[in-house]
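Notes for the one structure printed next.
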Amino acid sequence: MVKEQRQKKIIHILSTSGDAISGKALADQLNVSRQVIVQDISFLKVSGQPIISTHRGYKLEKQALPQRIFKVRHETGQIADELYTIVDLGGTVVDVFIIHEIYGELRAPLSLNSRKNVDDFVTYLAEGKIMPLKQLTDNYHFHTVTASSEKLLDMIEEKLKKKNYLINI
């Protein structure tokens, strides 16, 4: 295996593993010596890969995606459009939450990052088994949104503003 291919494979293995992987385990998987792995890891670190060396082995540092909280308001019939606006621009709607006068913060995880996710969510709401949190606060609610860059979050914010969904905090 060529050095560049091996290094790509190391990154792939580390990115798909939930735990740290020892240099010996990597060496065994890639049919090279542990010393070759140590050299590859050093090169990858210098090249900017966020690899951490731990007592149990190597792992990729989890890099937090940029995130922003948007305060929004709209009618129930506009839920899909609001969420499409976010996911179509590359955002992930992490959650929805409200600040209730009596109950305080009420939060529900969503993890919506595609039109299919949005469609499934809106279909579930339409079945009437649950109601949107926004109905408890005169349609005002918040979304935590992540994206791969601040620029994408700016674009999402601008689009929500143009559609009159965004409320200035």
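The values are calculated or read from the model by the stated rules, or taken from the named source; none is laboratory data. If you're wondering where the values come from, they're calculated on a predicted model, not measured in any experiment. Here the Cβ positions follow ideal geometry from the backbone for every residue, glycine too, while neighbour counts run over all protein chains shown.
A quick yes/no check of all residues on (1) modelled with pLDDT of 95 or more; (2) surrounded by 15 or more Cβ atoms within 10 Å (Cβ to Cβ); (3) under 30 Å from I21 (Cβ atoms):
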residue	(1), (2), (3)
Y58	no, yes, yes
H74	no, yes, no
I86	yes, yes, no
Y124	no, no, no
K134	no, yes, no
T137	no, yes, no
T146	no, yes, yes
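Considering segment 137-169, and only residues there that are among the β-branched types (V, I, T) and in contact (Cβ under 8 Å) with a residue 40 or more places away in the chain, the residue that is nearest to F97 (Cα to Cα) turns out to be T144. D81 satisfies every condition listed in (1) over 19 Å from N164 (Cα atoms); (2) modelled with pLDDT of 95 or more; (3) of a type outside the set (S, T, Y); (4) surrounded by fewer than 17 Cβ atoms within 10 Å (Cβ to Cβ) except (1).
Quick one: would you say V32 is surrounded by fewer than 16 Cβ atoms within 10 Å (Cβ to Cβ), among the β-branched types (V, I, T) and outside the structural domain of R115 (by TED's automatic domain parsing)? The answer is no for V32. Filtering segment 1-21 to residues that are crowded, with 16+ Cβ neighbours inside 10 Å and not in a helix (DSSP H, G or I) leaves A20, I21. Which residue is nearest to T146 (Cα to Cα), if the candidates are limited to segment 47-58 and must be assigned to a strand (DSSP E or B) and over 20 Å from the mean Cα position of the chain (by Cα)? Going through the qualifying residues, I end up with I52.
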